[in-house]
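The values are calculated or read from the model by the stated rules, or taken from the named source; none is laboratory data. Note that the coordinates shown come from a computational prediction; the quantities given were computed from them, not determined experimentally. Counting neighbours? That spans all protein chains shown, and the Cβs are built from the backbone with ideal geometry, glycine included.
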Amino acid sequence: MRGLHDFVAHEAVVVETVVVGNDEDHVRLGGLGGKGRNARRYEESEGGEEFFHGGETPRPARRCRTKTAHPPCSAATCRPWFAVMIRSLFAAAFGFLATATAELADKSELYTGKEYTNAFALPKDDPALPNVLLIGDSISIGYTVDVRKLLKGKADVFRIPGNGQASDHGLQNLDKWLGDRKWDVIHFNWGLWDICYRHPDSKQQGHRDKINGKLSVTPDQYRENLGKIVARLKQTGAELIWCATTPVPTGEPGRHPGDEIAYNRIAAEIMAKHGATTNDLHAHALEKLPGIAVKKGDVHFNAEGNAHLAEKVAESVSAQLKPVDKVFP
């Protein structure tokens, strides 16, 4: 059996000493490239076979030849320096991978399932976790996956199967979106589609045209629609979180900057009346705009922006989640 390992330096040469019974096993690590006076050569001994580790493994005896003296070694147990280095490198590599994998797992960065790459993929319904519903337009589509990752193990995060568009569209489809599932938290928004001007002859995406177009939903219509929507959402018994509409940048072809603020004020009055919580995503987005915009004059966000919004959404939802008593078998 191998016992004590001792590393010693001898004339700039590292020597590993392994005690084997009464013998010592030396592995000498020479200079870089194995050249110069520290070069090491091995050749087969003219003698017969010697037994390694007390006769357990036979192998041809060999004699160590070097110009630099080092502690005496057994010819049968002197091994090339590169063998030791390879073993050490493998050990270090496996150790690094194990540590890195553990750190990833600790940070919950290992996700499986389509719901962590596709906003519209339904998560697996865990009966032990609360159900969260996200309602909104393309802004909410952008942050859905990141919210799911942040709330993994805390809630099952669903979203409506498409774009929520304007408030009148939401009012028409709300019953279908709610379905018969028991919702614990509903995080919802309408606004960007409501304040958009559109003209059928416009070449802009979505026929946006704030010069010649018509406003999609007037402030009075918005107030009425949103009031009816909140009243219906309250019937679910879920905790309601209104999400303030995010900023409109200068140069947006179908929307006037500042209109979202006026509509957010209308929404704030309605939420106060019904006792709904507000997530001020407008202010949160401004913390990093314009750096997180997908491009100049666009209301959408890049990957960093979506992650930034998701942090605030997940924080708001977490604050409304009730403790879950899990039953273990």
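Of all the residues in segment 241-271, those that are acidic (Asp, Glu), within 13 Å of Asp194 (Cβ to Cβ) and over 33 Å from the mean Cα position of the chain (by Cα) number 1.
Out of His199, His207, report the one residue that is at positive phi and modelled with pLDDT of 95 or more.
Just one listed residue meets the conditions, His207.
Screening segment 148-173 for residues that are touching a Leu at 6+ places or on another chain (Cβ under 7 Å) and aliphatic (A, V, I, L, M) and picking the one that is surrounded by the most Cβ atoms within 10 Å (Cβ to Cβ) gives Val157.
Residues that are under 20 Å from Asp184 (Cβ atoms) and of a type in the set (A, V, I, L, M) number at least 2 in the following helices (runs of 4 or more DSSP H) confined to segment 218-324: 219-234, 303-320. Condition first: out of contact with any helix residue (DSSP H, G or I) (no Cβ under 8 Å at 6 or more places or on another chain), closer than 24 Å to Arg148 by Cβ and modelled with pLDDT of 95 or more. Can you find one or more residues in segment 223-238 that meet it? Within segment 223-238 (the criterion being out of contact with any helix residue (DSSP H, G or I) (no Cβ under 8 Å at 6 or more places or on another chain), closer than 24 Å to Arg148 by Cβ and modelled with pLDDT of 95 or more), the answer is yes, since at least one residue qualifies.
With surrounded by 17 or more Cβ atoms within 10 Å (Cβ to Cβ), among the hydrophobic types (A, V, I, L, M, F, W, C) and assigned by TED's automatic domain parsing to the domain that holds Pro130 as the only criterion, which of Ala268, Ala262, Ala244, Ala303 stands out? Show your work before the answer.
Working: Ala268 fails: surrounded by 17 or more Cβ atoms within 10 Å (Cβ to Cβ); Ala262 fails: surrounded by 17 or more Cβ atoms within 10 Å (Cβ to Cβ); Ala303 fails: surrounded by 17 or more Cβ atoms within 10 Å (Cβ to Cβ).
Going through Ala268, Ala262, Ala244, Ala303 in turn, just one is surrounded by 17 or more Cβ atoms within 10 Å (Cβ to Cβ), among the hydrophobic types (A, V, I, L, M, F, W, C) and assigned by TED's automatic domain parsing to the domain that holds Pro130: Ala244.
Might you check whether a residue that is out of contact with any Leu (no Cβ under 9 Å at 6 or more places or on another chain) and crowded, with 19+ Cβ neighbours inside 10 Å occurs anywhere in segment 307-317? Yes.
Please specify each residue of segment 113-144 satisfying the condition of being outside any loop (DSSP other than H, G, I, E, B) and either farther than 25 Å from Gly191 by Cα or of a type in the set (Ser, Thr, Tyr) (or both).
We begin by selecting, within segment 113-144, every residue outside any loop (DSSP other than H, G, I, E, B); these are 114-116, 131-135, 138-144.
Listed by number, the residues that qualify are Lys114, Glu115, Tyr116, Ser138, Ser140, Tyr143, Thr144.
Within segment 175-206, the set of residues being touching a residue at least 24 places away in the same chain (Cβ under 8 Å), not in a loop (DSSP other than H, G, I, E, B) and not aliphatic (A, V, I, L, M) comprises Asp175, Trp177, His187, Phe188, Tyr197, Arg198, Gly206.
Of the residues Ala238, Ala231, which single one is closer than 30 Å to Phe158 by Cα, in contact (Cβ under 8 Å) with a residue 60 or more places away in the chain and within 37 Å of the chain's Cα centre (by Cα)? Give the derivation first.
Details: Ala231 fails: in contact (Cβ under 8 Å) with a residue 60 or more places away in the chain.
Every option except Ala238 fails the conditions.
Being under 35 Å from the mean Cα position of the chain (by Cα), polar (S, T, N, Q) and closer than 23 Å to Leu281 by Cα is the filter here, so list the residues in segment 173-224 that pass it.
Here is the first cut: in segment 173-224, the residues under 35 Å from the mean Cα position of the chain (by Cα) are 173-196, 204-206, 208.
Of the ones still in play, those that are also polar (S, T, N, Q) are 173, 189, 204-205.
Of everything in segment 173-224, just one residue is under 35 Å from the mean Cα position of the chain (by Cα), polar (S, T, N, Q) and closer than 23 Å to Leu281 by Cα, namely Asn189.
Annotation: of all residues in segment 100-125 being closer than 15 Å to Lys154 by Cβ and modelled with pLDDT of 85 or more, the one that is surrounded by the most Cβ atoms within 10 Å (Cβ to Cβ) is Glu115.
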